[in-house]
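Below is one structure, written out as structure tokens; comments come after it.
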2 protein chains.
Amino acid sequence: MKKLLPLIAISMFSVATVKAQEEKIDLEMTKKIRQEGLQKSKVMDIAFNLTDVNGPRLQGSPGYMKAANYAKNKLSEWGLEDAKLEAWGEFGKGWELKKSYIAMTEPYYRPLIAYPKTWTAGTKGKLKSAEILLIDETDTLGLENYRGKLKDKVILLYKNDKIQPSFKPDATRYTDEELEKMASASATATTQPDTAFRSMMQAMRRTNMLSTKTKDMAKKEGALALLSMSARGKDGTLFVSGGGSYKANEPEGLLDIMLTAEDYLSLCRLTKAGIPVKLELDVKTKFYTEDLRGYNVLAEIKGTDPKLKEEVVMLGAHLDSWQSATGATDNAAGSAVMMEAVRILKTLNVQPRRTIRIALWSGEEQGLWGSRNYVKNHLADANDSKKSNAEGEKVAAYFNVDNGTGKIRGIYLQGNEACRPIFTKWFEPFHDLGAKTVTIRNTGGTDHLSFVGVGIPGFQFIQDEIEYNTRTHHTNMDSYDHLQPEDLKQAATIVASFVYNAAMRDEKLPRKK
Amino acid sequence: MKKLLPLIAISMFSVATVKAQEEKIDLEMTKKIRQEGLQKSKVMDIAFNLTDVNGPRLQGSPGYMKAANYAKNKLSEWGLEDAKLEAWGEFGKGWELKKSYIAMTEPYYRPLIAYPKTWTAGTKGKLKSAEILLIDETDTLGLENYRGKLKDKVILLYKNDKIQPSFKPDATRYTDEELEKMASASATATTQPDTAFRSMMQAMRRTNMLSTKTKDMAKKEGALALLSMSARGKDGTLFVSGGGSYKANEPEGLLDIMLTAEDYLSLCRLTKAGIPVKLELDVKTKFYTEDLRGYNVLAEIKGTDPKLKEEVVMLGAHLDSWQSATGATDNAAGSAVMMEAVRILKTLNVQPRRTIRIALWSGEEQGLWGSRNYVKNHLADANDSKKSNAEGEKVAAYFNVDNGTGKIRGIYLQGNEACRPIFTKWFEPFHDLGAKTVTIRNTGGTDHLSFVGVGIPGFQFIQDEIEYNTRTHHTNMDSYDHLQPEDLKQAATIVASFVYNAAMRDEKLPRKK
């Protein structure tokens, strides 16, 4: 690629120069935003409240509601208007972990690093000497050999994986070369790491038939629990998400416990060698069924231009998280960045021409529920869910942050080429902070898709990975200390500037043709 | 350094060529050793038994004794003679973790990754709602403000550390350049990573006055427990070693719990912000006082040359470990390598001229107790502990492995230049396996020092780091899955060859002048 770079650079520069001349930015305001955002940031204080102080923010859990109320109150306190929790429809049951003690007691005592999966049941008291049943099969046919043997057992599916040492760094930032490749990508080349990763995860889920069948049989026969191995993660880091159903009319899922790969493989080796393994388990989980609805947090800085104030620039991030940690990089980071962005603007007492609306979504982890329903309830055509209605037409743009704690390096156009010269210009005051790449590529997996789905220009920023896929995304290590303060300050500053620019320019951002 | 390399290479080559001509090796036997060690290895099976099957092997604990007996029986089974456990003198109390449940219950529920330090007491039952007392001081003077307030509290010393993401790989192997630098080092340049690391640890301990004073006060006033932060480690990995005294006449240490940096810092932020934090604790530990002695494991392959069979080539590794995992890389790895080395030799039915004696040491982690006392009891001059006695004079060499799971890349001469051409020759059949570097440097911190201390040629091999200092050394992740099978096979093969060569050559290895 290196040989191509000069050509690309020249061509990009020409485009930017020609078209960017049309785009005006208020450099005085940009300077103020930078000062407030980089010198007087509150982003880590917001993040502290959303993580350490609050705890996990699983959709429908008391933790989520606590965080949503904190956010609403904080937004009001800063002077935003109409701050509220808005129900978007029925989600299902809430769930919370109330106690989790899981240890091996034979052949010797060993505490295990283990987390019950969400929406699974507890042990109904302490199980002092639970026996493991090893299922050593590679397909569902073999399962028949175990029929009738699962009652009162803890079920372990044999695995023989090899944990590899990390000869590559856990943490990365985009290199100049990678960014240049993104900038020069064509509209057809839309693959990018996040999409690839999610496809891989989906494929894994599909091929996990054996595990599902085992679970069904275990539940039917009255097994005590099921053990699962974190497919990624090592060294004490494990990835844990859902294990049971949150639907109102479905029964509680069988207790399903995610172990570190090290612990899981050790139990496999021991039981496979015929050595009796016993566990002590005491797990309490609580389901919440009183209010099955999901809630988003919304607040506004009202527009001041009589002609434009009915139009809206939206910024959002999902506030919900998984539960084995406090969802710091997924997505307290994005929520804190968006809250900080409007705090910056409110502190500077901006008078935007258009209305600025912040949204903190819920149920993102279960399928973008909060944003999808918000769009459905407010912005989509009643007869054609792929088009926006009149209210939707008034949304000038939607900006999303949900790629971890890394600083902003650029933005995904989602195929909306007409926005390239605009964003190229908007990034100009932030080149010194490492942000300038505008790529035609799509990125998936989060809430901007709900807006893009009805034709509203929705964007997600390019962020440095840091340790997102190796250590924090959906893990027990997604906690405050894995946030990068300087990165989050930079991100909030840039988002504030983008939102302000979008609220001030004469036209809404161009719609994709 | 790069510019110097050609010169060094030439000079090394000349030295090796001239002197190595005098050194004979049995290439037919080397080939057999390679076949047995690389193709029919049992090293991972031995390691499995020492780790997964056995559990932690803390000095004086039932786990250590179980492993020692396993080793003794296995050595006998392979046909070694005089396999035995040999008491080396009084050590102190044994200790074992019997239960460990540690969770945060307020402001919300969170399981903590936490391990009681060795030789500390338990909680004497479940503590359902233990309050944290934060001590926010930077020197021992400030501690006075807390006098009288520690009773029934869990003590937390405020820290505000920043966890850094890993932009460097956790795992490394020596580069050619690093090895060449070691090979060309002069006798005065003896610094090497392990020594530097241990000095750093010692310095940390010395400056940890505040922590010690707090502990004293906590114990005196009747605090429930003390929390400690792992000085290294993150992402669920924590380093945990001793916290109380093992001496027979000293009282049980106050419960001292090592937390991950993430959990510790989170508790600090919460309590510092004035948010009441409560913990649930249920820790049982057991002290063993029936037999205070320490035991090494010994076994022999008898020498066959009437003139030389009274002479001994020794190989050893410490078998004891810390307790938050199963001590896989420190030092089941070394123990398995040494056991496998003698298994290889015995399987090949070698008839060594000198006697080969394997020793698996205990109490290494508390200060090389097993090997020091072995040398004192058998090999040291009764009137001058820095000289060997008649029996010591008969030890032709001592080889040690205790640098983790990495393959052998060379050997430390410990300043014994006369051995350079010998080892250079001995490594020749193993260049293809990455082993050839002979460095004049010293390496410290383990059992070869006990032999070097009385003038016996004692050596420790250079091994690739892999994740020793980042993830496994003294951590809760020092478990079977962090062992590298191919590396251990290589190491056992080379050790078997070195030991065989030392047992067959006409002269004992040259003593240092």
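The values are calculated or read from the model by the stated rules, or taken from the named source; none is laboratory data. Small disclaimer: the values here were computed from a predicted structure and weren't measured. Because the Cβ atoms are built from the backbone with ideal geometry, glycine has one as well, and the counts that use them run over all protein chains shown.
Looking at this structure, is B:ALA261 touching a Lys or Arg at 6+ places or on another chain (Cβ under 9 Å) and on the phi < 0 side of the Ramachandran plot?
yes
Output yes when any residue across the stretch B:402-409 is under 30 Å from B:GLU178 (Cα atoms), basic (Lys, Arg) and touching a Ser or Thr at 6+ places or on another chain (Cβ under 9 Å), and no when none is.
Checked the stretch B:402-409: at least one residue is under 30 Å from B:GLU178 (Cα atoms), basic (Lys, Arg) and touching a Ser or Thr at 6+ places or on another chain (Cβ under 9 Å).
Kindly establish whether A:LEU449 is hydrophobic (A, V, I, L, M, F, W, C), surrounded by fewer than 23 Cβ atoms within 10 Å (Cβ to Cβ), touching a Gly at 6+ places or on another chain (Cβ under 8 Å) and at pLDDT 95 or above.
Here the answer is yes, as A:LEU449 does meet what is asked.
Kindly list the number of the only condition in (1) acidic (Asp, Glu); (2) surrounded by 24 or more Cβ atoms within 10 Å (Cβ to Cβ); (3) not in a loop (DSSP other than H, G, I, E, B) that fails for A:ASP478.
(3)
Just a yes or no: is a residue in the stretch A:262-275 more than 15 Å from B:ASN476 (Cβ to Cβ), touching a strand residue (DSSP E or B) at 6+ places or on another chain (Cβ under 7 Å), within 14 Å of chain B (Cβ to nearest Cβ) and surrounded by fewer than 22 Cβ atoms within 10 Å (Cβ to Cβ)?
Looking for residues that are more than 15 Å from B:ASN476 (Cβ to Cβ), touching a strand residue (DSSP E or B) at 6+ places or on another chain (Cβ under 7 Å), within 14 Å of chain B (Cβ to nearest Cβ) and surrounded by fewer than 22 Cβ atoms within 10 Å (Cβ to Cβ), one finds at least one in the stretch A:262-275, hence yes.
Those residues that are of a type outside the set (Asp, Glu), surrounded by fewer than 14 Cβ atoms within 10 Å (Cβ to Cβ) and outside any helix (DSSP H, G or I), I need them from the stretch B:21-48; list them, please.
If the condition is that a residue be of a type outside the set (Asp, Glu), surrounded by fewer than 14 Cβ atoms within 10 Å (Cβ to Cβ) and outside any helix (DSSP H, G or I), then B:GLN21, B:LYS24, B:LYS40 are the ones that fit.
Give the residues of the stretch A:153-175 that are β-branched (Val, Ile, Thr) and either touching a residue at least 60 places away in the same chain (Cβ under 8 Å) or within 11 Å of chain B (Cβ to nearest Cβ) (or both), sorted by residue number.
A:VAL154, A:ILE155, A:ILE163, A:THR172 - these are the residues of the stretch A:153-175 that are β-branched (Val, Ile, Thr) and either touching a residue at least 60 places away in the same chain (Cβ under 8 Å) or within 11 Å of chain B (Cβ to nearest Cβ) (or both).
Return the only residue of A:PRO116, A:PRO111 being farther than 16 Å from A:GLY242 by Cβ and in the same structural domain as A:SER230 (by TED's automatic domain parsing).
A:PRO111
Quick grid of which residues meet (1) more than 23 Å from B:ILE132 (Cβ to Cβ); (2) at pLDDT below 95; (3) more than 14 Å from chain A (Cβ to nearest Cβ):
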site: B:MET200; (1), (2), (3): yes, yes, yes
site: B:THR207; (1), (2), (3): yes, yes, yes
site: B:SER211; (1), (2), (3): no, yes, yes
site: B:THR214; (1), (2), (3): no, yes, yes
site: B:LYS220; (1), (2), (3): no, no, yes
site: B:ALA225; (1), (2), (3): no, no, yes
site: B:SER241; (1), (2), (3): yes, yes, yes
site: B:GLY244; (1), (2), (3): no, yes, yes
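In the same structural domain as A:VAL375 (by TED's automatic domain parsing), among the charged types (D, E, K, R), within 24 Å of A:ALA87 (Cβ to Cβ) and assigned to a loop (DSSP other than H, G, I, E, B): does that describe A:ASP320?
In short, yes.
Kindly provide the set of residues from the stretch B:457-493 that are more than 11 Å from B:THR405 (Cβ to Cβ), in contact with a strand residue (DSSP E or B) (Cβ under 7 Å, 6 or more places away or on another chain) and within 12 Å of another protein chain (Cβ to nearest Cβ), ordered by number.
Selection gives B:THR475, B:ASN476.
Checking the structure you have, find out if any residue of the stretch A:53-61 is at pLDDT 95 or above, away from chain B (no Cβ under 14 Å), buried (at least 19 other Cβ atoms within 10 Å of the Cβ) and touching a Pro at 6+ places or on another chain (Cβ under 8 Å).
no
Could you grab me the full set of residues in the stretch A:410-430 that are within 18 Å of the chain's Cα centre (by Cα) and of a type outside the set (Phe, Trp, Tyr)?
Across the stretch A:410-430, the qualifying residue is only A:ILE411.
Looking at the structure I just gave you, is A:GLY274 assigned to a loop (DSSP other than H, G, I, E, B) and either of a type in the set (A, V, I, L, M, F, W, C) or at pLDDT 95 or above (or both)?
Taking the combined requirement at face value, the residue satisfies it.
Given B:GLU300, B:GLU310, which one is touching a strand residue (DSSP E or B) at 6+ places or on another chain (Cβ under 7 Å), more than 14 Å from every other protein chain (Cβ to nearest Cβ) and farther than 30 Å from B:SER245 by Cα?
B:GLU300
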